[in-house]
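Okay, structure first, notes after.
The values are calculated or read from the model by the stated rules, or taken from the named source; none is laboratory data. Note that the structure is a prediction, hence the values are computed from the model and not measured. Cβ placement follows ideal geometry from the backbone for every residue including glycine, while neighbour counts extend to all protein chains displayed. Ligands, DNA and RNA are excluded from the accessible area calculation, which covers all protein heavy atoms including side chains. Shrake-Rupley method; radii C 1.70, N 1.55, O 1.52, S 1.80 Å.
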Amino acid sequence: MRVITVAGPPSVGKTSLILKLAKTLREEGQKLAVVKFDCLSTDDDLLYRREKIPVAAGLAGSVCPDHFFVSNIDDCLQWAQDIGADLLIAESAGLCNRCSPHVQGALAVCVVDNLSGVHTPKKIGPMLKMADVVAITKGDIVSQAEREVFAHNVWRANPQAQIVAFNGLTGQGAGELAFHMRGAPDIETLEGRRLRFPMPSAICSYCIGETCIGENHQRGNVRKMRFPEVLA
Amino acid sequence: MSAHMSPANLSLRLDEAQRLNPAFATLIGPTPKPDLSLADWLASLDSGDLDRLKFSRVELEAHLLALIQDAQGFRNPVTRIKSLRILGGRDKTGAAENLDLDLRPGAIVSVVGPTGSGKSRLLGDIECLAQGDTPSGRRILIDGEIPDPARRWAASGKLVAQLSQNMNFVVDLTVGDFVEMHAECRAVDNPEQAAAEVIACANQLAGEKFSAATSLTQLSGGQSRALMIADVALLSTSPIVLIDEIENAGINRRQALDLLVASDKIVLMSTHDPILALHAHKRIVIAAGAVLEVIETSDTERAHLATLEHYDRLMSELRENLRHGARLETLPLPFGSLE
Ligand SMILES: Nc1nc2c(ncn2[C@@H]2O[C@H](COP(=O)(O)OP(=O)(O)O)[C@@H](O)[C@H]2O)c(=O)[nH]1
Ligand SMILES: Nc1ncnc2c1ncn2[C@@H]1O[C@H](COP(=O)(O)OP(=O)(O)O)[C@@H](O)[C@H]1O
Ligand SMILES: [Mg+2]
Ligand SMILES: [Mg+2]
Ligand SMILES: [Zn+2]
Ligand SMILES: [Zn+2]
């Protein structure tokens, strides 16, 4: 079983990419299962179901979806094995720029889009910097120059990654992604494997339910801002 | 999985690093210990320093390595090819397509055919260096060879630049700042000068002038297209340019094509515009998903261009006049003669 984590900010085109990829994989005779991680609700599972792709959805509720992901991913793998899949893709909500679901031994894909601006690759954090493959979507609506600058900035943030231009509407790029997925390692279980990047844990009182503002309510690891001096 | 070779390492001293890539100077700032190695410098940072730099330790290490490789020029060697060969596949009914077309740098080819006939498919096949794995079954050879899978994918992104109808500039920057940023990615010697050249060139192609200080998102359609073409001709490394039904209003078509030819690129453009179609050296005629014929533009056809351009000019003058509030009670002569 090959496991692939697909992460990226909301609405970049993760679901579109997985759906197009599923077509290519199906033509190659590979059986895909998808698990979608989100916070409170998701409609993506309907989209997968409509394409007859077996899907499980996991809702994280109040915890960071990436923390929720890592507590559940090995069970997902067992589920995918039980239904006879060759390949498990985990789509994560990508709502947390500090965390990243990428696991050693699973092919790590990060999806970003050309619309998010040329400075975005630098800001995305471990989700992009720890990925094996970075797919860049929505190139159909920006200039060639912006695509080149964007790809260059992705490369600067993660020089090790394979960079794939992907069109979520036409599926152009699916062949290349499928090629990279063929090279993903075959694994039986994720037990004992490590996250590629440690996730920051709950560190302050607000992480565990405090809602009131004020010095008296700030406990644990609290960091305060510094402001420029006021000139007289 | 690394596509980039060279085990760059962090034994470089800070002063050496700063000389190698100016980006190090911005990152490291003034340092009392110029002979510290990058590795030792990294180890000396505490979590406050890392926060200030907006990096985790692991990320910063990767970033330092990237800056070294960047400076060593791994990213953007200009890609040169000698030939692009397109081998036929099948049409929409599955019948064989009779095609073996070899294109060399400097070639300008138009692609014509009704909507839905497969013009964009042909351009898409070239973009991904198809190997019988697209709906058309076509195969693309580079310099006479089938690129092996790893090379195919590494190459496809760098070989092909694209311009199409629904492309826009979306970044919120001035023309000058952005083009300079693009030039910096290419590691050209003098980005500022390169940007000035691109802008001057775009102004020759566009009817209405704009400056380096103009905001990208304020450019008119014609100005945007002119800037995209000038940028692709002068700054893009890609030896193949695919143009998909880009609207031609507001730009000087002949100059735009001359510019691309001069940059020694192979240009394929799908178009419904007779003037663009005849400016090409060849035109590929597509029907029902397959290439029907490849026509060399004849001397007679080329001679007709002058006439076509004459009428085209009259039409645009008329258009301009109307736009500026003119009335059209009498038609200019060549139009009037029909009545
Ligand atoms: N123009 C364009 N739109 C895209 C592309 N990829 C995705 N989209 C659109 O972007 C929107 C969000 O895509 P979705 O796959 O739901 O994003 P997700 O939240 O990352 O899963 C949808 O409306 C897609 O049709 C692309 O390459 N080009
Ligand atoms: N040889 C072919 N075999 C199968 N489908 C094809 C072939 N050529 C084109 N198509 C499909 O026909 C549709 C229309 O083609 P497209 O390239 O968009 O046409 P155009 O750009 O000329 O309007 C697309 O879905 C395309 O994938
Ligand atoms: Mg989604
Ligand atoms: Mg088309
Ligand atoms: Zn988190
Ligand atoms: Zn907290």
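If you filter region A:177-218 down to residues that are more than 31 Å from the chain's Cα centre (by Cα) and part of a loop (DSSP other than H, G, I, E, B), you find that the one that is surrounded by the fewest Cβ atoms within 10 Å (Cβ to Cβ) is A:GLY214. Only residues that are free of Cβ contacts under 8 Å to residues at least 12 places away in the same chain and of a type outside the set (A, V, I, L, M): list them for region A:53-77, please. Answer for region A:53-77, where residues must be free of Cβ contacts under 8 Å to residues at least 12 places away in the same chain and of a type outside the set (A, V, I, L, M): A:SER62, A:SER71, A:ASP75.
Within region A:77-124, being hydrophobic (A, V, I, L, M, F, W, C) and touching a Ser or Thr at 6+ places or on another chain (Cβ under 6 Å) holds for A:ALA90, A:ALA106, A:ALA108. Residue check, A:SER71 against (1) within 21 Å of A:ARG2 (Cβ to Cβ); (2) in a helix (DSSP H, G or I); (3) of a type in the set (S, T, N, Q), all met but one. Which one? Condition not satisfied by A:SER71: (1). As a summary of the residue check, A:ALA131 satisfies the conditions (1) out of contact with any Cys (no Cβ under 9 Å at 6 or more places or on another chain); (2) in a loop (DSSP other than H, G, I, E, B); (3) in the same structural domain as A:HIS67 (by TED's automatic domain parsing) except for the one numbered (1).
Listed here are the residues, each with its yes/no results for (1) assigned to a loop (DSSP other than H, G, I, E, B); (2) more than 16 Å from ligand 5 (Cβ to nearest atom); (3) of a type in the set (A, V, I, L, M, F, W, C).
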residue	(1), (2), (3)
B:ARG85	no, yes, no
B:THR93	yes, yes, no
B:GLY106	yes, yes, no
B:VAL109	no, yes, yes
B:PRO114	yes, yes, no
B:SER117	yes, yes, no
B:SER120	no, yes, no
B:GLY124	no, yes, no
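Under the condition of being open to solvent by 20 Å² or more (accessible area, probe 1.4 Å), touching a residue at least 40 places away in the same chain (Cβ under 8 Å) and more than 14 Å from chain A (Cβ to nearest Cβ), the residues counted in region B:169-213 number 3. Report whether or not A:VAL149 is away from ligand 1 (no atom under 16 Å from the Cβ), open to solvent by less than 20 Å² (accessible area, probe 1.4 Å) and touching a helix residue (DSSP H, G or I) at 6+ places or on another chain (Cβ under 6 Å). Yes; evaluated as a whole, the condition is true for this residue. When A:ARG98 is tested against the conditions (1) within 14 Å of chain B (Cβ to nearest Cβ); (2) outside any loop (DSSP other than H, G, I, E, B); (3) within 16 Å of ligand 6 (Cβ to nearest atom), the lone failure is (2). For B:GLU145, are the conditions met, namely being within 13 Å of another protein chain (Cβ to nearest Cβ), within 20 Å of B:ARG80 (Cβ to Cβ) and not aromatic (Phe, Trp, Tyr)? It is false that B:GLU145 is within 13 Å of another protein chain (Cβ to nearest Cβ), within 20 Å of B:ARG80 (Cβ to Cβ) and not aromatic (Phe, Trp, Tyr). If only residues of region A:35-52 that are touching a residue at least 12 places away in the same chain (Cβ under 8 Å) and closer than 18 Å to A:GLY171 by Cα are counted, the one that is least open to solvent (accessible area, probe 1.4 Å) is A:TYR48.
Summed over region A:13-39, the residues that are assigned to a loop (DSSP other than H, G, I, E, B) and over 22 Å from A:VAL70 (Cα atoms) give a count of 5. Would it be correct to say that A:ASP45 is in a helix (DSSP H, G or I) and within 15 Å of ligand 3 (Cβ to nearest atom)? So A:ASP45 passes the test.
How many residues does region A:104-126 contain that are of a type in the set (A, V, I, L, M) and modelled with pLDDT under 90? Final tally of qualifying residues: 2.
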